[in-house]
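Trainee: First the structure, then my questions, so here it is.
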Amino acid sequence: MQPGFNDLLDATIAHLEALRSSGARQVLVSSQVLAELSASTGRKAPTPTPSVPAPAAVRPASASPIAPTAPRPPSAPAALPASVTARWNTATQAPAPRTPPAPASVPAPIITRPPKLDPIALAAALENLRQRTVACVKCPNLVSSRKNVVFGVGDPQARLMFVGEAPGADEDAQGEPFVGLAGELLTKIITAMGLSRSQVYIANILKCRPDTPGQPYGNRKPTPEEMTTCLPWLQEQIGLIQPQVMVALGVTAVEGLLGKTDGITRLRGKWQNYQGIPLMPTYHPAYLLRTQLTTDKRKVWEDMMSVMERLQMPISEKQRGYFVAK
Ligand code: URA
């Protein structure tokens, strides 16, 4: 398999998902492209079926080898093909077999992302995704305990996306992520960066609050099964929003997005890569609330300054001095 094939495959899947979310039911793939893809995997190219007509029969050769055809009504969301779902799910599971990193002399593979949808199509695609997400009944325990499905909030055009663990009681009650105490701290962090909540996008690994049977309050970490089940929603959301930079808040977000179990203490402050998007792991605001340690607050702030630098945002001297012992 060619180096970078997995990244190209990820980008292709993201593109297909964006097309599907915007209403496409079918894609045209020329037999030449199919043959080239198959050669890369070592599998035999599938024979085109009548539902995948030869490109020339339907439309003139497109600049892209994959183009939408018949739109589908937004009210009838289509399920992902099993092969696509399985592929997206691999990111959630333990160390997925990836192409080994290329030697230093080989340039890093270029990740080709589908162009971001225009604002109107993106809003429609996100709304379609939201409707399918809030109707999800895959985890019976969470379906019976939840008050709301907490889809996500913010600017679909956001350059920066924060991903947390799962809704707590406040988020479950209000249907919005990070509105409780940890959320207030996250909002302060975002404000300190010179942004507002409405300029970023905020979502969680789990869209439903993890239930705590027999306990009227308290939170629990999502189980691996819950994470695997729920992640495709977030993955599709990220594929639509296509932020320039992501922040993973806490260990569950890192595990869910990267499949890494190295621990947040080791990973925080070190740039990671989620499907071609730079991702900064940092401590969860709830952890900062528990420890109340200025040293930890400073670490999170340093991570946020790295994010700001990556986004080419200005950083004032005052900002640089936050949480530095005087
Ligand atoms: N903690 C999270 O991880 N997400 C929320 O939405 C709230 C608290």
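Trainee: Going through the stretch 302-313 one residue at a time, which ones are farther than 20 Å from LEU267 by Cβ and part of a helix (DSSP H, G or I)?
Mentor: Within the stretch 302-313, no residue meets the criteria.
Quick grid of which residues meet (1) part of a helix (DSSP H, G or I); (2) within 30 Å of GLY218 (Cβ to Cβ); (3) touching a residue at least 12 places away in the same chain (Cβ under 8 Å); (4) not acidic (Asp, Glu):
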position	(1), (2), (3), (4)
MET280	no, yes, yes, yes
LEU289	yes, yes, yes, yes
VAL300	yes, yes, yes, yes
ILE315	no, no, no, yes
GLN319	yes, no, yes, yes
TYR322	no, no, yes, yes
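Trainee: Right, another one. Only residues that are under 19 Å from ASP155 (Cβ atoms) and more than 16 Å from the ligand (Cβ to nearest atom): list them for the stretch 209-234, please.
Mentor: Taking the stretch 209-234 first, the residues under 19 Å from ASP155 (Cβ atoms) are 233-234.
Residues satisfying the conditions do not exist here.
Trainee: Filter the stretch 192-208 down to the residues that are in contact with a Leu (Cβ under 7 Å, 6 or more places away or on another chain) and within 13 Å of the ligand (Cβ to nearest atom), then identify the one that is nearest to ARG159 (Cα to Cα).
Mentor: Looking at residues that are in contact with a Leu (Cβ under 7 Å, 6 or more places away or on another chain) and within 13 Å of the ligand (Cβ to nearest atom), I get ALA203.
Trainee: So LYS260 fits all but one of (1) more than 16 Å from the ligand (Cβ to nearest atom); (2) free of Cβ contacts under 8 Å to residues at least 12 places away in the same chain; what number is the exception?
Mentor: Here LYS260 meets the rest and fails (2).
Trainee: Among what's in the stretch 181-191 and is buried (at least 16 other Cβ atoms within 10 Å of the Cβ) and away from the ligand (no atom under 12 Å from the Cβ), pick the residue that is farthest from ARG130 (Cα to Cα).
Mentor: ILE189
Trainee: Take the stretch 215-232 and flag every residue that is in a loop (DSSP other than H, G, I, E, B) and touching an Asp or Glu at 6+ places or on another chain (Cβ under 9 Å).
Mentor: Within the stretch 215-232, ASN219, ARG220, LYS221, PRO222 qualify.
Trainee: Of everything in the stretch 302-313, what is without any contact (Cβ under 8 Å) to a residue 40 or more places away in the chain and of a type outside the set (D, E, K, R)? Give them in sequence order.
Mentor: Within the stretch 302-313, MET305, SER306, GLN312 meet the criteria.
Trainee: I've got another one for you. Can you go through PRO109, PRO140, PRO114 and tell me which one is away from the ligand (no atom under 15 Å from the Cβ), modelled with pLDDT of 95 or more and out of contact with any strand residue (DSSP E or B) (no Cβ under 8 Å at 6 or more places or on another chain)?
Mentor: On the way: PRO109 fails: modelled with pLDDT of 95 or more; PRO114 fails: modelled with pLDDT of 95 or more.
That would be PRO140, the only listed residue that is away from the ligand (no atom under 15 Å from the Cβ), modelled with pLDDT of 95 or more and out of contact with any strand residue (DSSP E or B) (no Cβ under 8 Å at 6 or more places or on another chain).
Trainee: Quick one: which residue in MET280, MET304 is crowded, with 20+ Cβ neighbours inside 10 Å and more than 11 Å from PHE323 (Cβ to Cβ)? Talk me through it step by step, then tell me what you get.
Mentor: Numbers: MET304 fails: more than 11 Å from PHE323 (Cβ to Cβ).
That would be MET280, the only listed residue that is crowded, with 20+ Cβ neighbours inside 10 Å and more than 11 Å from PHE323 (Cβ to Cβ).
Trainee: Being in a strand (DSSP E or B) and either of a type in the set (Phe, Trp, Tyr) or within 12 Å of the ligand (Cβ to nearest atom) (or both) is the filter here; which residues of the stretch 155-180 pass it?
Mentor: Once the filter is applied, which keeps residues that are in a strand (DSSP E or B) and either of a type in the set (Phe, Trp, Tyr) or within 12 Å of the ligand (Cβ to nearest atom) (or both), the stretch 155-180 yields PHE162, VAL163, GLY164.
Trainee: Would a scan of the stretch 202-214 turn up a residue that is touching a residue at least 24 places away in the same chain (Cβ under 8 Å), of a type in the set (Asp, Glu) and part of a helix (DSSP H, G or I)?
Mentor: Checked the stretch 202-214: no residue is touching a residue at least 24 places away in the same chain (Cβ under 8 Å), of a type in the set (Asp, Glu) and part of a helix (DSSP H, G or I).
The values are calculated or read from the model by the stated rules, or taken from the named source; none is laboratory data. Everything quoted here is computed from the prediction, not taken from an experiment. Please note: Cβ atoms are built from the backbone with ideal geometry, for glycine as well, and neighbour counts cover all protein chains shown.
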